[in-house]
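**Student:** Questions regarding the structure given below will be posed in turn.
The values are calculated or read from the model by the stated rules, or taken from the named source; none is laboratory data. What you see is a predicted model, and the numbers here were worked out from it, not measured in a lab. FYI the Cβ positions are ideal-geometry reconstructions off the backbone, even for glycines, and counts take in every protein chain you see. The protein model used for the area step is the full one, side chains on, heavy atoms only, and it has no ligands, DNA or RNA in it. Shrake-Rupley method; radii C 1.70, N 1.55, O 1.52, S 1.80 Å.
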Amino acid sequence: MGRPYDVQEVELKWQQRWADSHLYEIDADDPRPPQYVLCMYPYPSGSAHQGHVRNYTFGDLFVRHRTMQGFAVLSPFGFDSFGLPAENAAIRTGEHPRTFTDARIAELKASVKRLGAVYDWRREIRSHDPSYIRWNQVIFLKLFEAGLAYRALAPVNWCPGCQTVLANEQVLADGTCERSGDVVVQRELEQWFFRTTTYVDELLDALDELDWPERVKTMQRNWIGRSEGVEFDLQVVGGQSDGLVLRVFTTRPDTSFGMTYAVVAPEHPLVDVLTTPEQRTEVENLRTSTAGKSELDRTSEHGAEVLAKRGAFTGGHVVNPFNGKAIPVFVADYVLMRYGTGAIMAVPAEDERDWDFAQAHHLPIDRTTQPPDGFDDGAWTGDGVKINSGFLDGLDVGAAKERAIAWLEEQGIGRRTVNYRLRDWLVSRQRYWGCPIPVVFCPVDGIVGVPEDQLPVLAPDDVEFLPTGESPLKRHPGFLHVTCPKCGGPAERETDTMDTFVDSSWYFLRFCDPWSNDQAFDPEKARHFMPVDQYIGGIEHAILHLLYARFYTRALIDVGLAPGVEREPFKRLFTQGMIRMDGKKMSKSRGNLVTPSRYFDTVGADALRLFHLFAGPPGDNMDWTDQTENVIDGCGRFLDRVWRLTVEPPTDCRQGEPSTEDVAITRATHQLIAKVSDDLERWSFNTSVAACMEFSHLLQRYQRESPQGPHRETNDFASDALLLLLAPLVPHIAAEAWERRHGEGAMVHAETWPSFDADLARAERVTMVVQVNGKVRDRIEVSPDITEEAAVALAAASERVAGALGGTEPARVVARPPRLVNFVT
């Protein structure tokens with residue numbers, strides 16, 4: 001059977017109608033209370049994929065729902081349009097990155113509009129637009145003036161064959177360059193940093209107050225990595241090392257008597273001193289394999305099999321000051337030079353990674369904390385009494401820590417300290433397709449910022465992209481050679497561009513006032529809309545983007561660009577699950593994308609949207625399987641039923657007093673409004689869809705089987721309520737059906753969200769499950785208002801329950817009225 005309406009015609013009609021109505025274009029003087037709903041702006045890689053559909057469907061639902069609730073919802077869209085893929089495409093094809101990027105933007109924008117997602121497109125931002133570049137550069141100079149941006153030496157991945165800096169992604173697993181095959185080396189270069197560490201404690205402490213998923217807050221806490229502990233010295237053993245010490249950091253000085261080896265980072269300055277000739281090759285091989293690895297790669301995995309390949313014995317030894325024993329020193333990639341001292345003491349009996357490393361390298365394991373009875377094997381990381389620990393024996397862990405630190409300080413070889421994993425943000429990129437850093441280097445005046453009236457500094461178009469990947473800005477005389485704005489003498493322009501995370505660290509503020517020509521944004525308008533009430537995006541941005549945006553907002557406030565704006569930019573965060581096919585994330589690089597266009601042209605955007613809402617909890621990962629097509633088709637059939645129920649209602653509706661059946665459908669309608677309203681607030685979209693589907697069957701039976709025929713007023717109330725509730729979820733069919741019911745020009749999305757009568761929404765009876773030791777023994781219909789005392793008494797009176805108890809008195813009773821009573825014997 002064909003569809004009861006022309007899906008594509010209806011969807012295109014309403015997408016144009018929404019644009020023409022300006023319903024979702026708002027300004028700061030709107031009298032309604034503001035709400036700021038924002039999906040993370042995307043990198044434009046081409047037309048939308050199912051991940052985009054999922055993300056923008058969730059965001060669009062929220063925008064439409066809040067609008068119907070009476071809010072003036074700011075819902076802008078933009079493009080994170082700088083980045084390495086466009087530059088790589090230019091190297092491959094010769095097409096300019098701007099041309100490539102603009103074409104991809106057009107594809108993605110068309111896909112998003114075809115989905116039916118509504119945005120205030122007047123506010124569109126593209127990070128490669130000259131206007132955005134200008135304010136990016138103004139902000140950089142303000143941070144530079146305030147000492148929050150500075151230049152310093154930092155290690156980079158250097159390819160000797162290409163003679164250029166490589167991103168971590170361009171270094172293969174064996175430590176070689178993906179282009180030339182040369183071994184990548186670490187080289188120190190002068191680079192630009194932002195002082196994120198200025199705000200480290202504030203960034204950490206403020207997490208407690210955010211309405212964010214707990215796992216995201218945990219990831220940020222771990223990345224910031226606040227550790228209270230002690231630094232102390234280990235005397236280096238051997239010939240030329242008299243007086244030489246290796247300083248280590250630990251949060252567990254109470255375990256020091258169990259230190260059986262030490263580990264240094266591959267970049268540690270003492271590696272060459274500690275490494276013996278016999279071990280030189282093995283150590284150098286490990287250093288080579290570490291080059292180019294990201295910190296996440298270096299610290300993510302462990303296990304004896306993995307760590308056997310990630311550590312090497314230097315041949316050197318140091319002395320454990322607690323017991324005077326010489327212990328071996330290893331080099332391993334999981335120790336980071338920028339965290340602590342770049343060296344750690346290893347206590348395998350009390351640390352899981354140290355245990356795995358010791359197993360892999362056949363090192364001794366000495367327990368210093370008594371594990372509980374029954375603990376068989378492995379590292380014990382919990383509390384306990386100290387053993388095998390000399391003057392610490394008999395103390396608990398807390399007391400032993402304090403005593404160990406005091407002893408180290410008394411000996412003059414250690415000090416109490418707090419370390420952070422977070423380091424200042426390195427923002428220099430040796431690329432072309434990014435925002436140029438607006439400074440010049442003058443032999444007379446040093447680093448000089450480009451005056452604001454000369455901004456934006458734009459990269460020239462007449463550049464040559466070479467296969468080496470070297471930034472063409474270095475080879476462009478017209479860009480490189482300039483006049484110093486301070487002294488008028490010859491100078492050279494900075495050829496580094498900014499990390500693209502800089503662009504995404506303040507775009508949400510520019511959205512508040514994208515038309516301003518005399519400032520990055522009007523602080524008053526930013527105060528009106530900020531913070532973002534609901535931020536939506538992928539879990540992959542849980543660390544860097546969110547952390548940098550939080551830092552940047554604080555920095556902008558403190559340098560006077562955002563006075564009065566709240567310091568936390570995102571009040572509420574939702575991270576949707578990823579879509580997988582054959583167990584792997586859908587991505588363009590894997591070639592496993594399923595484009596939405598095929599569904600737009602068949603079942604329609606509404607059916608595809610409904611599938612993403614119905615497929616499961618929105619925060620969970622979702623598998624795209626062979627059955628997915630059937631589910632999407634089923635969503636289309638549900639929409640057909642909605643059309644027939646609301647647009648083609650029964651012709652024999654009656655007037656007069658409502659019947660028992662009328663009262664029942666009215667009660668069910670109020671219950672549906674209550675449930676969907678609650679579900680949407682809790683992001684339980686799948687259960688709200690299920691409730692609407694269940695109600696459609698109920699309404700269908702009412703229309704077809706009601707003995708006296710359906711009551712007109714009752715049927716209209718139920719049909720309208722269903723369309724109002726579906727309007728944010730499947731906007732096209734809801735809009736068309738509403739107009740068919742209420743006349744040309746009627747717009748469901750301009751209606752008020754339906755309210756419910758609490759008494760009618762309350763279930764008359766609910767099923768209470770009665771268990772004995774967790775096994776279901778009876779089900780009893782009870783009042784939803786039943787008290788705990790009455791619920792237990794009623795459950796105990798059940799013959800089935802009495803038989804299961806067999807005269808045994810319950811040890812305890814778990815009562816959760818009106819749903820559950822469980823007797824535990």
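**Student:** With the requirement that a residue be hydrophobic (A, V, I, L, M, F, W, C) and under 14 Å from L610 (Cβ atoms), what does region 724-747 give you? Outline the logic, then answer.
**Tutor:** Step one: filter region 724-747 for residues hydrophobic (A, V, I, L, M, F, W, C), giving 724-727, 729-730, 733-735, 737-738, 746-747.
Residues satisfying the conditions are L725, L726, A727, L729, V730, I733, A734.
**Student:** Which one of the conditions (1) touching a residue at least 12 places away in the same chain (Cβ under 8 Å); (2) open to solvent by less than 40 Å² (accessible area, probe 1.4 Å); (3) farther than 23 Å from T314 by Cα does K217 fail to meet, given that it meets all the rest?
**Tutor:** Single failed check for K217: (1).
**Student:** Within region 1-44, track down each residue that is under 15 Å from H749 (Cβ atoms), acidic (D, E) and touching a residue at least 40 places away in the same chain (Cβ under 8 Å).
**Tutor:** Matches in region 1-44: E11, E25.
**Student:** Quick one: is C484 over 32 Å from the mean Cα position of the chain (by Cα) and at pLDDT 95 or above?
**Tutor:** Values: over 32 Å from the mean Cα position of the chain (by Cα): yes; at pLDDT 95 or above: yes.
Considered against the rule, which asks whether it is over 32 Å from the mean Cα position of the chain (by Cα) and at pLDDT 95 or above, C484 comes out as yes.
**Student:** Can I ask one more? Specify the residue that is most open to solvent (accessible area, probe 1.4 Å); the eligible residues are those in region 443-479 that are closer than 18 Å to L189 by Cα and modelled with pLDDT of 95 or more.
**Tutor:** The selected residue is I447.
**Student:** Sticking with this structure for a sec: Can you list the helices (runs of 4 or more DSSP H) lying wholly within region 699-764 that have 3 or more residues being open to solvent by less than 70 Å² (accessible area, probe 1.4 Å) and in contact with a Pro (Cβ under 7 Å, 6 or more places away or on another chain)?
**Tutor:** Here the list reads 712-726.
**Student:** Would you point out which residue out of N136, N157 is open to solvent by less than 10 Å² (accessible area, probe 1.4 Å) and over 14 Å from D424 (Cα atoms)?
**Tutor:** Details: N157 fails: open to solvent by less than 10 Å² (accessible area, probe 1.4 Å).
So the residue among N136, N157 that is open to solvent by less than 10 Å² (accessible area, probe 1.4 Å) and over 14 Å from D424 (Cα atoms) is N136.
**Student:** Kindly indicate which of D297, D242, D254, D272 is modelled with pLDDT of 85 or more and surrounded by fewer than 19 Cβ atoms within 10 Å (Cβ to Cβ). Let's see the steps before the verdict.
**Tutor:** Details: D297 fails: modelled with pLDDT of 85 or more; D242 fails: modelled with pLDDT of 85 or more; D254 fails: surrounded by fewer than 19 Cβ atoms within 10 Å (Cβ to Cβ).
Going through D297, D242, D254, D272 in turn, just one is modelled with pLDDT of 85 or more and surrounded by fewer than 19 Cβ atoms within 10 Å (Cβ to Cβ): D272.
**Student:** Looking at region 595-618 only, could you name the residues that are surrounded by 17 or more Cβ atoms within 10 Å (Cβ to Cβ) and either outside any helix (DSSP H, G or I) or acidic (D, E) (or both)? Explain how you work it out, then say what you get.
**Tutor:** Start the filter on region 595-618 by keeping residues that are surrounded by 17 or more Cβ atoms within 10 Å (Cβ to Cβ), which leaves 596, 599-600, 603-615, 618.
Within region 595-618, P596, V603, G604, D606, A615, P618 qualify.
**Student:** Under 6 Å between Cβ atoms, which residue pairs at least 6 apart in sequence (or on different chains) link something in region 580-597 that is modelled with pLDDT of 85 or more with a partner that is among the acidic types (D, E)?
**Tutor:** Partner pairs satisfying both residue conditions: R580/D623.
**Student:** Going by what's in this entry, would V63 be described as open to solvent by less than 10 Å² (accessible area, probe 1.4 Å) and not in a helix (DSSP H, G or I)?
**Tutor:** Judged against the criteria, V63 is not a match.
**Student:** In addition: For region 781-812, what are the residues that are outside any loop (DSSP other than H, G, I, E, B), aliphatic (A, V, I, L, M) and either farther than 30 Å from A758 by Cβ or open to solvent by less than 30 Å² (accessible area, probe 1.4 Å) (or both)?
**Tutor:** First, the residues of region 781-812 that are outside any loop (DSSP other than H, G, I, E, B): 781-782, 788-796, 799-805, 812.
Filter once more, so that each one left must be aliphatic (A, V, I, L, M): 782, 790-796, 801-802, 804-805.
Result: V782, A791, A795, A796, V801, A802, A804, L805.
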